[in-house]
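Single-structure report; data block below.
Readers should treat all values here as calculations from the given coordinates under stated rules, not as data from a laboratory. What you see is a predicted model; the values in this text were computed from it and never measured. Ideal geometry is used to build each Cβ from the backbone, glycine not excepted, and the neighbour counts take in all protein chains shown.
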Amino acid sequence: MPAPAPADTTPAAGSPEVGSPEWVRAKIRTFREDPSVLTGAPIVAFAEKSPDVAIVIRSSLSEFEGLDEERTLILLAAFTAGNVEAQLDAGTVKDMPVAGVRMMLTVYAKLEGAAEDLTISKLDAFQSAEQEGRLDAAVYEAIADEAADTR
């Protein structure tokens with residue numbers, strides 16, 4: 001007798017088709033409430049395979065010095081989730097890094113609450129920029145600095 005399919009690949013009656021924009025939106029809602037490697041993995045898999053989104057992972061936005069692998073993966077999933085959600089909302093297949101960083105900040109706040117010793121200077125700087133109303137500029141400046149460093 002074959003093994004049953006994993007829960008993530010077998011939709012319940014009346015639920016959205018696996019891999020559809022509606023399906024990933026549900027995964028993003030779950031991830032936002034309970035950010036973990038497990039809840040983020042389906043979102044990352046969707047982003048890698050779907051023609052509905054285009055995401056660029058840049059080291060200037062996604063490398064966190066000294067952070068353990070699990071938290072790094074959670075933050076990368078957060079970046080992906082925010083970026084995917086913004087593109088689906090806009091109906092545009094175009095990288096949206098500011099939305100990705102905003103979701104990272106949301107998840108970072110939850111991770112900080114769970115581990116008081118957690119400090120990520122890059123995200124702290126983005127949080128300050130968000131509070132000052134200049135997150136867009138800060139994100140695109142980081143991207144431009146990275147591009148200039150690779151020339």
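Normalized C-alpha radius of gyration of the chain, against 2.2 N^0.38 Å? List each step's numbers first, then the result.
Values: Rg = 16.3 Å, N = 151, 2.2 N^0.38 = 14.8 Å.
Rounded to two decimals, the normalised Rg is 1.10.
Grab the DSSP H runs of the chain that are 4 residues or longer, score each as -39,500 (n - 2.57), total them, divide by all residues and round the 222 nm result to the nearest 500 deg cm²/dmol.
Values: 7 runs with 96 residues, N = 151.
Using -39500 (n - 2.57) per qualifying helix, the result is -20500 deg cm²/dmol.
In summary, the helical segments of the chain meeting the span-like criteria, namely a full DSSP H run, a Cα extent along the axis of 20 angstrom or more and a mean Kyte-Doolittle hydropathy of at least 0.0, are 69-90, 97-114, 135-149.
Rank by packing, highest mean first: peptides 40-52, 96-108, with packing defined as the count of other Cβ atoms within 10 Å averaged across residues. Could you put the intermediate results ahead of the total?
Working: 40-52: 17.4, 96-108: 23.2.
Those peptides, ordered most packed to least, come out 96-108, 40-52.
Pair-distance distribution of segment 55-141: all C-alpha pairs, bin width 10 Å, starting at 0; shares per bin in whole percent are 18, 53, 26, 3.
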